[in-house]
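S.K.: Structure provided below as structure tokens; questions to follow.
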Amino acid sequence: MVRISSLPFRLLALEYGADIVFSEELIDYRLIQCVRIENDLLNTIDFVVPGEDRPMLQIHKNREKDRLIVQLGTADGQRALNAARLVENDVAGIDINMGCPKKFSIQGGMGSALLDHPDKVKQILETLVNNLSIPVSCKIRCLPTIEATLSLIRIIATTGVHAITIHGRTRDERNNDQCRETFIQTIVQQCPSNVVIIANGGSTNISSYSDIEKFRSRCGPAHGVMLCQAAMWNPSIFRSNGLLPLQDVAKRFLQISLEYDNMLPNIKYVLQRMYGVLDNEDQFYEKMLSTETEGQIYALFNMKNEYEQSPIEERQLWRDKVRNRLVNISNKQSENNIIEKSAKFIRSEYTSTMTPKSILNAYCIQAHIDKPVYHTEELKPQRIFRSVIDFKGQHYSTTTWEKSKQLAEQGSAIVCLQSIGIDPIRAKYGINYIKACLSTENKL
């Protein structure tokens, strides 16, 4: 589950009784950019993009190694293998997402777009199975007919995968459409016995632990059940002795988030998904939405003392250490005479009229020089972008690809501004700072 399956949420699910947990879908080309770091402070393995101090993927060394499946989004077998090899020794298995119906995945040839290309499905899975030392699985959606679905299943079964998770809806169907349990039942009955079939898509009819077994039985019985939404709403659904009150679950999630240095955006997102389905918690939900700091969230849950007593400064020092360790990787001048640095455009850090690009333009106007020229390229089919700025005979770019042209160009503008001695965060407040920078340049 994207933005849900962070380390704290996964540990919470395991604590309540889940057998295995999945990471959120990680796009292969993004994971390949990461550096593996052993975090002795938290006893985790962190996969960090150079220039960023927060991990893209965080794995607990002891509690997850044999129970975590990393799910990849990919459209290419070799690239998927390169990404999988990076985490191979730290996880229990690799899963390929072939069911995501989101526009981003489909346009990149990933997710449910693969259902139309069985040869590519076979190539990706065989590449992984034949070259990895850990189990490989995949997650698909039903095709419009049971015959077409079975045909794809039989192809997948020949690749040597350990398991297939089947979401009981087509890619055009959504959660308010009925889960095709009879499809999954037929697949269980006709699929080769060496392949584990996991049923998915029953969350709308699952509100207790016993409902999980009922869903599994109706689907074959399937060998197992994957829960997404039902677990997101209340991860204590995995407790055989009953659900816990949501307030208790949320507080436990906050405790684990403190323990493993979780980020504010993820904390809020998970809590919003938990409380967003309740009709009688509107006032509390609104208060939670209005929080702007971690301290405010913990105070709302009467956990202010726990938050204030946590080693916040120690963790910030660790993040600074990580950033400094990777600076030689992320900041470099390439062979093509391009100054490359790690930089990311975060919209909330700028005003609507003073973005990095507009700040750079304002600098050019004040200095009476030509404005920069942006050379932006798109890498297909992944639909990611990289921009190189041509400015005063020098070229500037970021070290990573971005998901949109705008983000790529703004990031490159940040690199250019920093390289010529302008702090874009300070410059956003007005033209006087830019004039002061130019005045200093002229004096020098």
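The values are calculated or read from the model by the stated rules, or taken from the named source; none is laboratory data. None of these values were measured; they are calculated from a predicted model. We place every Cβ from the backbone using ideal geometry, glycine too, and count neighbours over all the protein chains shown.
S.K.: Sort out for me the strands (runs of 3 or more DSSP E) sitting completely within the range 151-266 that have 3 or more residues that are at pLDDT below 95. Before the answer, list the steps.
M.R.: On the way: elements: 163-167, 196-200, 224-226.
Those strands (runs of 3 or more DSSP E) do not exist here; none qualify.
S.K.: What are the residues in the range 392-426 that are in contact with a Leu (Cβ under 7 Å, 6 or more places away or on another chain) and under 16 Å from residue 349 (Cβ atoms), if any?
M.R.: Kept after step one, since they are in contact with a Leu (Cβ under 7 Å, 6 or more places away or on another chain), are these residues of the range 392-426: 401, 413, 416-417, 424.
Correct list: 413, 417, 424.
S.K.: Return the residues of the range 24-47 that are part of a loop (DSSP other than H, G, I, E, B), under 22 Å from residue 319 (Cα atoms) and touching a residue at least 60 places away in the same chain (Cβ under 8 Å); say none if nothing qualifies. Spell out the reasoning first.
M.R.: Keep residues of the range 24-47 that are part of a loop (DSSP other than H, G, I, E, B), which gives 24-25, 33-34, 40-43.
Going one step further and asking which of them are under 22 Å from residue 319 (Cα atoms), we end up with 33-34, 40-43.
Once the filter is applied, which keeps residues that are part of a loop (DSSP other than H, G, I, E, B), under 22 Å from residue 319 (Cα atoms) and touching a residue at least 60 places away in the same chain (Cβ under 8 Å), the range 24-47 yields 33, 41, 42.
S.K.: Continuing with the same structure: If residue 89 passes every condition in (1) more than 30 Å from residue 243 (Cβ to Cβ); (2) in contact (Cβ under 8 Å) with a residue 24 or more places away in the chain; (3) surrounded by fewer than 23 Cβ atoms within 10 Å (Cβ to Cβ) but one, which one does it miss?
M.R.: (2)
S.K.: On the given criteria, is residue 185 out of contact with any Gly (no Cβ under 9 Å at 6 or more places or on another chain) and farther than 24 Å from residue 239 by Cβ? Walk me through it before giving the result.
M.R.: Details: out of contact with any Gly (no Cβ under 9 Å at 6 or more places or on another chain): no; farther than 24 Å from residue 239 by Cβ: yes.
It is false that residue 185 is out of contact with any Gly (no Cβ under 9 Å at 6 or more places or on another chain) and farther than 24 Å from residue 239 by Cβ.
S.K.: Mind telling me which of the residues 144, 101 ends up being surrounded by fewer than 17 Cβ atoms within 10 Å (Cβ to Cβ) and outside any helix (DSSP H, G or I)?
M.R.: Step by step, each of 144, 101 is checked, and only 144 is surrounded by fewer than 17 Cβ atoms within 10 Å (Cβ to Cβ) and outside any helix (DSSP H, G or I).
S.K.: On the basis of being surrounded by fewer than 20 Cβ atoms within 10 Å (Cβ to Cβ) and either aliphatic (A, V, I, L, M) or outside the structural domain of residue 364 (by TED's automatic domain parsing) (or both), does residue 414 make the cut? Break it down stepwise before answering.
M.R.: Numbers: surrounded by fewer than 20 Cβ atoms within 10 Å (Cβ to Cβ): no; either aliphatic (A, V, I, L, M) or outside the structural domain of residue 364 (by TED's automatic domain parsing) (or both): yes.
No: the conditions fail for residue 414.
S.K.: Might you let me know whether the range 339-348 holds any residue that is assigned to a helix (DSSP H, G or I), loosely packed, with under 14 Cβ neighbours inside 10 Å and modelled with pLDDT under 90? Break it down stepwise before answering.
M.R.: Here is the first cut: in the range 339-348, the residues assigned to a helix (DSSP H, G or I) are 347-348.
Pick out the ones that are also loosely packed, with under 14 Cβ neighbours inside 10 Å and you get 347-348.
When the remaining residues are screened for being modelled with pLDDT under 90, the result is 347-348.
Yes - at least one qualifying residue is present in the range 339-348.
S.K.: Looking at the range 67-98 only, could you name the residues that are in contact with a Ser or Thr (Cβ under 8 Å, 6 or more places away or on another chain) and part of a strand (DSSP E or B)?
M.R.: 68, 69, 70, 71, 73, 93, 94, 95, 96, 97, 98
S.K.: Restricting attention to the range 190-206, does a residue exist that is buried (at least 16 other Cβ atoms within 10 Å of the Cβ) and more than 29 Å from the chain's Cα centre (by Cα)? Explain how you work it out, then say what you get.
M.R.: Quick first cut of the range 190-206, residues buried (at least 16 other Cβ atoms within 10 Å of the Cβ) only: 191, 195-203, 206.
Filter once more, keeping what is more than 29 Å from the chain's Cα centre (by Cα): 191.
Taking every residue of the range 190-206 in turn, at least one turns out to be buried (at least 16 other Cβ atoms within 10 Å of the Cβ) and more than 29 Å from the chain's Cα centre (by Cα).
S.K.: Output yes when any residue across the range 125-135 is at pLDDT 95 or above, outside any loop (DSSP other than H, G, I, E, B) and within 18 Å of residue 171 (Cβ to Cβ), and no when none is. Give the derivation first.
M.R.: As a first pass, look at the range 125-135 and keep what is at pLDDT 95 or above: 125-135.
If we keep only those that are outside any loop (DSSP other than H, G, I, E, B) too, we end up with 125-129.
Those still in the list that are within 18 Å of residue 171 (Cβ to Cβ) too: none.
Within the range 125-135, none of the residues are at pLDDT 95 or above, outside any loop (DSSP other than H, G, I, E, B) and within 18 Å of residue 171 (Cβ to Cβ).
S.K.: Starting from residues that are aliphatic (A, V, I, L, M) and more than 26 Å from residue 401 (Cα to Cα), keep the ones in the range 36-67 and report whichever is farthest from the chain's Cα centre (by Cα).
M.R.: Filtering the range 36-67 for residues aliphatic (A, V, I, L, M) gives 37, 41-42, 45, 48-49, 56-57, 59.
Next, from what is left, pick out any that are more than 26 Å from residue 401 (Cα to Cα): 41-42.
Values: 41: 23, 42: 20 Å.
Ranking the qualifying residues of the range 36-67, first place goes to 41.
S.K.: Residues in the range 389-421 that are farther than 26 Å from residue 377 by Cα and aliphatic (A, V, I, L, M): how many? Break it down into steps so the answer makes sense when it comes.
M.R.: Applying the first criterion (farther than 26 Å from residue 377 by Cα) to the range 389-421 yields 421.
When the remaining residues are screened for being aliphatic (A, V, I, L, M), the result is none.
So the answer is 0.
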